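Enquirer: I'd like to ask you about the structure that follows.
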Amino acid sequence: MDRNGIISSIVFIISIISIIYALIFNPANWIIIGISIVGIPLSVLSLGLIIMARAKKDEEEDRRREPFIGY
């Protein structure tokens, strides 16, 4: 994985952990609102980046020649 994939994976894991924390431990309302405003969009965006960063077998050679196509 490249740097983008690693960072996206870390952000995705942290987002999921924060969402699970809000569901299980029932913190104050402002913490739940903050997690919902920040955690949910970050998890969706980082999951999208993880999926987009993976190249299909037939696209790998094209990405080596022109690495910015498809991102």
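No lab work stands behind these numbers, since they all come straight from the coordinates. Model, not experiment: these values are computed from the prediction. Glycine gets a Cβ as well: all are built from the backbone with ideal geometry, and neighbour counts include every protein chain shown.
Enquirer: Sorting F12, F25 on the 10 Å Cβ count, fewest up front, what's the list? Before the final figure, lay out each step's value.
Expert: Working: F12 19, F25 8.
Going from sparsest to densest Cβ surroundings: F25, F12.
Enquirer: Using θ = phi - 60° and the Karplus curve 6.51 cos²θ - 1.76 cosθ + 1.60, what whole-Hz ³J(HN,Hα) does each residue of the range 7-24 get, with Gly and Pro shown as x?
Expert: 5, 5, 5, 5, 5, 5, 5, 5, 5, 5, 5, 5, 5, 5, 4, 5, 6, 8
Enquirer: Within a Cβ distance under 14 Å of L49, other residues only, what is the Lys/Arg minus Asp/Glu net charge?
Expert: Numbers: positive: R3, R54; negative: D2.
Once all neighbours under 14 Å are counted, the net charge is +1.
Enquirer: On to the next question. Using just the alpha carbons, could you tell me how many Å³ per residue the convex hull of the range 3-65 encloses?
Expert: Numbers: hull volume 4.7 nm³, N = 63.
Considering the Cα atoms of the range 3-65, their hull volume per residue is 74 Å³.
Enquirer: Calculate, for D58 and D2, the FRET efficiency according to 1/(1 + (r/R0)^6) with r their C-beta to C-beta distance and R0 22 Å; round to the nearest 0.05.
Expert: Values: r = 19 Å, r/R0 = 0.88.
Once rounded, the FRET efficiency stands at 0.70.
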